[in-house]
Amino acid sequence: MADDPMSVMRMLRQAAEAAHPDLAPVGVSSPPGMARLSNGMSVPLHGIPMRPGDPGWEAKLPPPAPLRVMNAAGGDAPPVPMEDVTAGVVMAPPAVAPPPSPKRRIAIYNGKGDTYNVAVESAPDWDTDKMFKGLDEERVRLLLDIASSLEVRTTDKTGDF
């Protein structure tokens, strides 16, 4: 009958009870869903705390040791005085000024044929201060490179650049 699973379980249970007699008296089994304690009392299995978060689980854990601040030499560090945070001066964030509006810009317009007109315009109405007419594309690109390196605002009125 050694092939019968229940007979194997009975044999293992008897061996365990013989090895640990304080767990349960030999021959006394617990009802289904119950666990027998070493003092002979039966408690329901669902009442034994098994998972973190169960109320009984935390009750079984010892309290943590108090934290100690150590210095580099391994000794206790001197206590740091605690100050009331609300007693300090409350400072407003620094005011951020809006970026200044440009006073001048470079505008590119279509010229005659394959040429372009480049104008230097001034704020606030963007009136033309100086006009360069009949520039080819190579010279216009050179002016745009110079203007971008000087961080001068440029406006393309042609749609080509």
message = Between a residue in region 115-139 that is without any contact (Cβ under 8 Å) to a residue 24 or more places away in the chain and any residue that is polar (S, T, N, Q) and surrounded by 13 or more Cβ atoms within 10 Å (Cβ to Cβ), which pairs come within a Cβ distance under 7 Å, given they are 6 or more apart or on different chains?
response = MET131/ASN117; PHE132/ASN117; LYS133/ASN117; GLY134/THR115; ASP136/THR115
request  = Find the residue count for region 118-134, including only residues that are under 12 Å from ILE106 (Cβ atoms) and either touching a helix residue (DSSP H, G or I) at 6+ places or on another chain (Cβ under 8 Å) or not small (Gly, Ala, Ser) (or both).
outcome  = 9
query = Quick check: is even one residue across region 7-30 under 31 Å from the mean Cα position of the chain (by Cα), modelled with pLDDT under 75 and among the polar types (S, T, N, Q)?
reply = no
message = Condition (residue is modelled with pLDDT under 85 and either within 26 Å of PRO100 (Cβ to Cβ) or not polar (S, T, N, Q) (or both)) applied to region 127-137: is it met by at least one residue?
response = no
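Mind counting the residues in region 118-154 that are among the aliphatic types (A, V, I, L, M) and in a loop (DSSP other than H, G, I, E, B)?
Going through region 118-154 one residue at a time, the tally reaches 3.
The values are calculated or read from the model by the stated rules, or taken from the named source; none is laboratory data. Predicted, not measured: the structure shown is a model, and the values here were computed from it. Methodologically, a virtual Cβ is constructed for each residue, glycine included, from the backbone with ideal geometry; neighbour enumeration extends over all protein chains shown.
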